[in-house]
Amino acid sequence: MNLSSDDYYYYLNLLKGFEGERRFDEFTEKLKEFCLILNDLQLEIRRSSFQIDTLLIFFDKIVLYEIKNYEGVHYWGKDKFTKLNGVAMENPALQLQKTRVRLELLLSELGCQMKVEAFVVYINPEFTLLGAPADEQLLLPSQISGYFGSLRVGTPPTEKQKKLANELVKLHKPDYPSKMPEYRYEQLKKGIPCTVCGALLESFGGHRQSCVNCGKKVNVKNAIKTSISEFRILYPNEPVTSIRLADWCGAGRRDRIFRILRTEFTAVGSGKKRHYV
């Protein structure tokens, strides 16, 4: 479907944030022997929700990271940053402070008194921040590698820290409302996605075929499985049937869809009421 300009820019911001978090994961992945790594937690304390990009639980402390994938030159201000073109945005340190306080309250309720450190991480190498005081809890692109190189590690987390991590994961709220655009089945283009560029192949046949958008060879079975997964995400309450999925995947043999549903999912019911979970 064609997104409105607001939805499209919201999508681009989400994508940019996701790419920044993946880049940050390259640093934390090297520490997995010495700490517990929790990503994308959505938590709540006293009816106040808060989101955590990355949380590292060490033997002796917990470190909270707010990841920002900003780029370009920004001027630091206690309450806001200002770009060269005059556009202003909230200083991420304000949100970090709220998140830290709420996390500490939650940890206290869980009986944990571990020290909490917090940083805003500006992960994009094209980001420049002018005028920031030296004592700010932030990591600029040029500081990130040195910071992780200087982290004192050695003692792995104990069962106590593992128990805390499990408790936080259990408190995660995956169904937290998101700002999804409205969509209807009838308005969405049908087809199977190219597993390389995501373009829809409106018809399919054989085991492999070329994508008309990027020219890459597409494994048709894998593309159909991806299309089925996307349908289940977009319509979680609608039954997955071979008739509906044949329409969703575009022009192709219905028996091909049926074989994949039969081998990859569990059939429930019989006759016209048969669907797959």
q = 0.22 Å⁻¹: log10 I(q)/I(0) that the Debye formula gives for the stretch 87-143, counting C-alpha atoms only = -0.93
Unmatched cysteines, the chain - criterion: no other Cβ of a Cys under 4.7 angstrom | Cys35, Cys112, Cys249
Over the chain, what relative contact order in percent results from Cα pairs under 8 Å that are six or more residues apart?
-> 14 percent
Here Rg/Rh (Cα, Kirkwood) for the stretch 158-277 equals 1.10
Accessible solvent surface per residue of the stretch 200-244, calculated while the other protein chains remain in place, 1.4 angstrom probe, Å² | 61 Å²
For the chain, modelled as a GNM with alpha-carbon contacts under 10 angstrom, which of Gly146, Gly77, Gly206 fluctuates the most?
-> Gly206
Cross-link table Lys16/Lys189; Lys61/Lys162; Lys30/Lys160; Lys190/Lys225; Lys189/Lys225, entries beyond 20 Å C-alpha to C-alpha | Lys16/Lys189; Lys30/Lys160
Report, by chain and number, residues whose modeled amide H sits under 5 Å from the one on Cys194, excluding near sequence neighbours (fewer than 5 apart, same chain).
-> Ala199, Leu200, Leu201
With the other protein chains left in place, how much accessible area per residue, in square angstrom, belongs to the stretch 22-92 at a 1.4 angstrom probe?
-> 54 Å²
Along the dipole axis of the stretch 162-277 (charges at Cβ: +1 for Lys and Arg, -1 for Asp and Glu; origin at the Cα centre), the most positive-end residue among Asn237, Val220, Val169 is Val220
Computed about the Cα centre, the charge dipole of the chain from +1 Lys/Arg and -1 Asp/Glu charges at the Cβ has a magnitude in debye, to the nearest 20, of 1400 debye
For the stretch 60-111, take the alpha-carbon Rg, divide it by the Kirkwood Rh, and send me Rg/Rh.
-> 1.13
Label-zone membership for the stretch 177-203, site Tyr10, 7 angstrom Cα→C-beta point, backbone N under 17 Å = 177-184
Against the globular-protein guess of 2.2 N^0.38 Å, express the Cα radius of gyration of the stretch 77-198 as a ratio, rounded to two decimals.
-> 1.51
Looking at the stretch 1-100, which trypsin sites (Lys or Arg not before Pro) are in a loop (DSSP not H, G, I, E or B) and have at most 14 other Cβ atoms within 10 Å?
-> Lys32, Arg46, Arg47, Lys78
How large is the charge dipole for the stretch 173-277, taken about the Cα centre, if only the Cβ atoms of Lys, Arg (+1) and Asp, Glu (-1) carry charge, to the nearest 20 debye?
-> 360 debye
Report Rg(Cα)/(2.2 N^0.38 Å) for the chain, keeping two decimals.
-> 1.25
Counting sequence-distant residues (5 or more places) and residues on other chains, those with an amide H built under 5 Å from that of Val218 are Gln209, Ser210, Cys211
For the stretch 15-100, what is one quarter of the convex hull surface built on the Cα atoms, given in nm²?
-> 7.1 nm²
Karplus-derived 3J(HN,Hα), 6.51/-1.76/1.60, for each residue of the stretch 248-263, Hz, glycine and proline x | 5, 7, x, 6, x, 6, 5, 5, 5, 4, 4, 5, 5, 4, 5, 8
On the accessible surface of the chain, probed at 1.4 Å with all protein chains in place, carbon and sulfur together account for a percent value of 50 percent
Length gain on complete extension for the stretch Asn2 to Val101, per 0.36 nm per residue less the alpha carbon to alpha carbon distance?
-> 31.6 nm
What list of ³J(HN,Hα) couplings, whole Hz, do you get for the stretch 20-29 from phi and the Karplus terms 6.51, -1.76, 1.60, once you set θ to phi - 60° and write x for glycine and proline?
-> x, 5, 5, 5, 5, 4, 5, 7, 6, 4
With both partners inside the stretch 3-104, how many of the DSSP beta bridges are antiparallel, as a percent to the nearest 5?
-> 100 percent
Under Stokes-Einstein, the stretch 1-147 at 37 °C and 0.692 mPa s, with its Kirkwood radius over C-alpha pairs, diffuses with a coefficient in µm²/s of 198 µm²/s
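The values are calculated or read from the model by the stated rules, or taken from the named source; none is laboratory data. Note that this is a predicted model, so its numbers are computed, not measured. A quick note on method: Cβ atoms are made from the backbone with ideal geometry, for glycine too, and the neighbour counts reach across all protein chains shown. For the accessible areas, the whole protein counts, side chains as well, though only heavy atoms, and no ligand, DNA or RNA atoms are used. Shrake-Rupley method; radii C 1.70, N 1.55, O 1.52, S 1.80 Å.
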